[in-house]
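Peer 1: Would you mind keeping the following structure in view while I ask a few things?
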Amino acid sequence: MKPALSCLLLAAALGAGLATPAQAEPGWSANLNLVSHYRFRGIDQTWGRPALQGGIDWNHEDGWYAGAWSSNVGRRSYPGGGAEVDLYAGYNGKIGDDWSFTAGLYGYLYPGASVRHARCPSAAFGAPCASLPGQRFDTLELNAGVGWKWLSYKLSVSATDYFGANTRTGYSRGTRGTLYHDLTLTVPLQDSLNLIVHAGYTDLRARYGDHQPSYADWRVALAKTFEGGWNASIGVVGATNDRMYHPPSGGLSATDGATRALNRTALVLQLGKSF
């Protein structure tokens with residue numbers, strides 16, 4: 001297995017899970033979104049192609065929440081798959097007028113996707129072609145966070161190996177306990193228009209050869225809500241660590257000869273509807 005394959009698969013997985021539960025009106029709600037391409041934690045999930053995403057949420061007046069969310073993803077990163085399904089639950093609370101807190105579970109599922117379904121030869125696999133492990137990408141995270149007015153911080157901890165990264169796929173050790181730090185500032189500019197500034201860091205405590213996969217990501221966006229439940233956003237997103245996520249050593253397809261800078265700085269457009 002080339003180091004680049006493991007870099008590609010991890011890069012794809014790091015992007016998983018766009019939905020973020022937040023305090024909302026009690027009861028059931030749903031959302032549907034179209035994005036120019038799917039980015040999360042700075043990494044391109046659809047290889048520059050659009051994504052259709054949707055979710056359903058339940059919120060209790062006491063602060064408990066649960067929901068499900070789904071998106072298409074690129075088969076070049078998730079061989080044998082093509083869809084992501086997220087399940088989550090937890091609790092949101094407030095302390096006074098300015099402080100808030102959250103704690104929960106977040107599961108990422110990729111039906112049918114496995115390293116075993118990658119093709120050889122491909123950009124990520126070169127001859128001689130060896131037997132591929134039947135390693136799936138499904139992952140569970142625990143998270144907790146705190147917010148003050150416009151500023152929020154959330155820490156996510158992987159309770160399983162991080163999206164298939166372990167000794168079976170060539171890593172120096174298992175990756176349970178991987179951390180993701182999320183710091184986000186949401187500034188109201190005027191009625192229904194917000195400026196969002198995000199910085200994140202993925203702390204993955206394993207190596208693949210001489211590659212260190214930990215990296216930082218960032219996003220700056222304008223988000224607008226409209227009457228009738230419509231919303232839209234425009235933002236710029238990117239990530240560091242070219243050795244892991246940029247050709248020639250990263251961003252290699254597991255199903256054909258394609259390559260792509262999965263961490264490149266890019267413009268992302270979104271149009272959505274809440275129900």
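Nothing in this text is a laboratory measurement; each read-out follows from the coordinates by a stated rule. Bear in mind that the values here come from a model prediction, so they are computed numbers and not experimental data. No Cβ is skipped: glycine too gets one built from the backbone with ideal geometry, and neighbour counts run over all protein chains shown.
Peer 1: Treating the beta-carbon of each Lys and Arg as +1 and of each Asp and Glu as -1, no other charges, what is the dipole magnitude of the range 3-274 about its Cα centre, to the nearest 20 debye?
Peer 2: Using only the charged Cβ atoms, the result is roughly 1060 debye.
Peer 1: Under a Cβ-only charge scheme (Lys and Arg +1, Asp and Glu -1), can you give me the dipole magnitude of the range 155-275 about the Cα centre, in debye to the nearest 20? Write out the running numbers ahead of the final one.
Peer 2: Details: 11 positive and 9 negative charges, 60 e Å.
Approximately 280 debye in magnitude.
Peer 1: Over the range 3-274, how many pairs of lysines fall under 24 Å by alpha carbon, counting only those 8 or more apart in sequence or from different chains?
Peer 2: Here the count comes out as 5.
Peer 1: On to the next question. Chymotrypsin sites (Phe, Trp or Tyr not before Pro) within the range 184-257: which are DSSP loop residues with at most 15 other Cβ atoms inside 10 Å?
Peer 2: Sites meeting the loop and neighbour criteria: PHE226.
Peer 1: Something else about it: Convert each backbone phi in the range 134-143 into a coupling constant with the Karplus relation 6.51 cos²θ - 1.76 cosθ + 1.60 (shift: θ = phi - 60°), then list the ³J(HN,Hα) values in order as whole Hz, x for Gly and Pro.
Peer 2: x, 8, 8, 10, 4, 9, 10, 10, 9, 9
Peer 1: Please list, in order along the range 157-163, the HN-Hα scalar couplings obtained from phi with the Karplus expression 6.51 cos²θ - 1.76 cosθ + 1.60 (θ = phi - 60°), rounded to whole Hz, x for Gly and Pro.
Peer 2: 10, 6, 8, 10, 4, 7, 6
Peer 1: Here's a follow-up. About the Cα centre, and with charges only on the beta carbon of Lys, Arg (+1) and Asp, Glu (-1), how big is the dipole of the range 37-126? Nearest 20 debye, please.
Peer 2: Charge dipole, the range 37-126, about its Cα centre: 840 debye, nearest 20.
Peer 1: From the residues ALA68, TYR162, TYR108, which one has its Cα farthest along the dipole of the chain in the positive direction, the dipole being from +1 and -1 charges on Cβ of Lys/Arg and Asp/Glu about the Cα centre?
Peer 2: TYR162
Peer 1: Okay, moving on. Do the sum for the chain: with -39,500 (n - 2.57) for every DSSP H run of n ≥ 4, divided by all residues, what is the mean residue ellipticity at 222 nm, to the nearest 500 deg cm²/dmol?
Peer 2: The helix-only estimate for the chain comes to -1500 deg cm²/dmol at 222 nm.
Peer 1: With an 8 Å Cα cut-off and a minimum separation of 6 or more residues, compute the relative contact order for the range 3-274 in percent. The partial results should precede the final answer.
Peer 2: Numbers: 744 pairs, mean separation 52.3, N = 272.
Normalised by residue count, the contact order of the range 3-274 is 19 percent.
Peer 1: Take each of the peptides 24-30, 135-141, average the number of other beta-carbon atoms within 10 Å over its residues, and list them starting from the highest.
Peer 2: 135-141, 24-30
Peer 1: Could I ask something else about it? State the Kirkwood hydrodynamic radius of the chain in Å, one decimal place, computed from all pairs of distinct Cα atoms.
Peer 2: 19.1 Å
Peer 1: While we're here: Just going by the charge dipole of the chain, with Lys and Arg at +1 and Asp and Glu at -1 on Cβ, which of TRP47, PRO26, ASN231 is farthest out on the positive end?
Peer 2: After comparing all options, I get TRP47.
Peer 1: Now a separate question. Could you pull out which residues in the range 145-168 have an amide N less than 17 Å from a spot 7 Å beyond the Cα of LEU185, following the Cα-Cβ vector?
Peer 2: Only 147-154 pass the distance filter.
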